[in-house]
Amino acid sequence: PSAIRNHEPREAVDGGEDGLTIIRAMINQFPARLAQDASAVLLEVGAGQASEVAELLTKSIGGEALMHRDLLGTRRVVEVRIGY
């Protein structure tokens, strides 16, 4: 919708062919950029992306992935707990 297009950066609404281009780039940086004592990473994702993002995150940084639903029941936040 134009309400989103007019107020969000292009990168936030155009994630490439599968919608995960920016998320993949960010996840690839996590091993080098996370604090050594980081205990979790949480990412808000688009509808239908949670499972793939959880897999990408656990392959990148290890840990246990959890997915949290929004008020409509859509898996919207991926949490990966590290070092528990």
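The values are calculated or read from the model by the stated rules, or taken from the named source; none is laboratory data. Model, not experiment: these values are computed from the prediction. Because the Cβ atoms are built from the backbone with ideal geometry, glycine has one as well, and the counts that use them run over all protein chains shown.
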Practice task
Collect the residues in the range 68-79 that are part of a strand (DSSP E or B) and more than 10 Å from the chain's Cα centre (by Cα), keeping them in residue-number order.
Solution key: 68, 69, 75
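Please find, within the range 28-63, the residue that is surrounded by the fewest Cβ atoms within 10 Å (Cβ to Cβ) out of those that are charged (D, E, K, R) and more than 24 Å from residue 74 (Cβ to Cβ). Talk me through it step by step, then tell me what you get.
First pass over the range 28-63, keeping only residues charged (D, E, K, R): 33, 37, 44, 52, 55, 59.
The next check asks that each one be more than 24 Å from residue 74 (Cβ to Cβ); those that pass are 33, 37.
Working: 33: 9, 37: 7.
Step by step, filter the range 28-63, then rank; the result is 37.
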Exercise for the section: Evaluate the range 72-79: report whether one residue or more is touching a helix residue (DSSP H, G or I) at 6+ places or on another chain (Cβ under 9 Å) and at pLDDT below 95. Expected result: no
Exercise for the section: State yes or no: is residue 15 at pLDDT below 95, under 14 Å from the mean Cα position of the chain (by Cα) and in a loop (DSSP other than H, G, I, E, B)? Expected result: yes
Completion exercise
The correct count of residues that are over 25 Å from residue 17 (Cβ atoms), among the polar types (S, T, N, Q) and free of Cβ contacts under 8 Å to residues at least 12 places away in the same chain in the range 27-79 is 1
